[in-house]
Amino acid sequence: MAYIFGIALLILLFIVMHFFTEISLRQKLVTTFIAALLILGAYLFNQNSEERRMHQESVLLMFKHGKTIVCDGVDVNNSEFSYSSGTQTFLGKKESRMYGRIISLDLCE
């Protein structure tokens, strides 16, 4: 919804430049195009961030329910690993064979 507001702002920017500036049409179009690219970049960044967050959330949910997940070729489960929310990593538990292993949540499938 905010991106519709962004497009409306682009149109408003073009109208303001059209009536209240003495720059050429080409300069107005270039300025509007650059602003549109910035809005598109923000939109794509937000989409990518949202997809990444949803993936991490689903992996973490599976981990908390005791299922085994694959992270960087290693089977990760809650009997051998604990989760650190501050660093978003899985840490090998002291009494397990994975002691000392640190695996990022980003590496999970």
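The values are calculated or read from the model by the stated rules, or taken from the named source; none is laboratory data. Because the structure is predicted, anything quoted here is derived from the model rather than measured. Here the Cβ is made from the backbone with ideal geometry for all residues, glycine too, and neighbour counts use every protein chain on show. Protein only, heavy atoms only, side chains kept; ligands, DNA and RNA dropped before computing areas. Shrake-Rupley method; radii C 1.70, N 1.55, O 1.52, S 1.80 Å.
Listing for the model above:
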read-out: Every pair of residues 6+ apart whose Cβ atoms lie under 7 Å, when the first sits in segment 71-97 and is at negative phi and touching a residue at least 24 places away in the same chain (Cβ under 8 Å) while the second is buried (at least 17 other Cβ atoms within 10 Å of the Cβ) and of a type in the set (Val, Ile, Thr); value: CYS71/ILE103; VAL74/ILE103; VAL76/ILE69; VAL76/ILE103; PHE90/VAL76; PHE90/ILE103
read-out: Per-region count, segment 56-70, residues without any contact (Cβ under 8 Å) to a residue 24 or more places away in the chain and either acidic (Asp, Glu) or touching a strand residue (DSSP E or B) at 6+ places or on another chain (Cβ under 9 Å) (or both); value: 4
read-out: Those residues of segment 47-88 which are surrounded by 11 or more Cβ atoms within 10 Å (Cβ to Cβ), of a type in the set (S, T, N, Q) and under 17 Å from the mean Cα position of the chain (by Cα), in sequence order; value: GLN56, SER58, THR87, GLN88
read-out: Search result, residues across segment 32-46 that are over 20 Å from the mean Cα position of the chain (by Cα) and open to solvent by less than 60 Å² (accessible area, probe 1.4 Å); value: THR32, ALA35, ALA36
read-out: One residue from LEU9, LEU91 being under 26 Å from the mean Cα position of the chain (by Cα), assigned to a helix (DSSP H, G or I) and not basic (Lys, Arg); value: LEU9
read-out: Meets criteria (surrounded by 13 or more Cβ atoms within 10 Å (Cβ to Cβ), of a type in the set (S, T, N, Q) and either modelled with pLDDT of 90 or more or outside any strand (DSSP E or B) (or both)) for GLN27; value: no
read-out: GLU22 being open to solvent by 80 Å² or more (accessible area, probe 1.4 Å) and assigned to a helix (DSSP H, G or I); value: no
read-out: Sole exception among (1) at pLDDT below 90; (2) open to solvent by 90 Å² or more (accessible area, probe 1.4 Å); (3) not in a helix (DSSP H, G or I) for SER96, by number; value: (2)
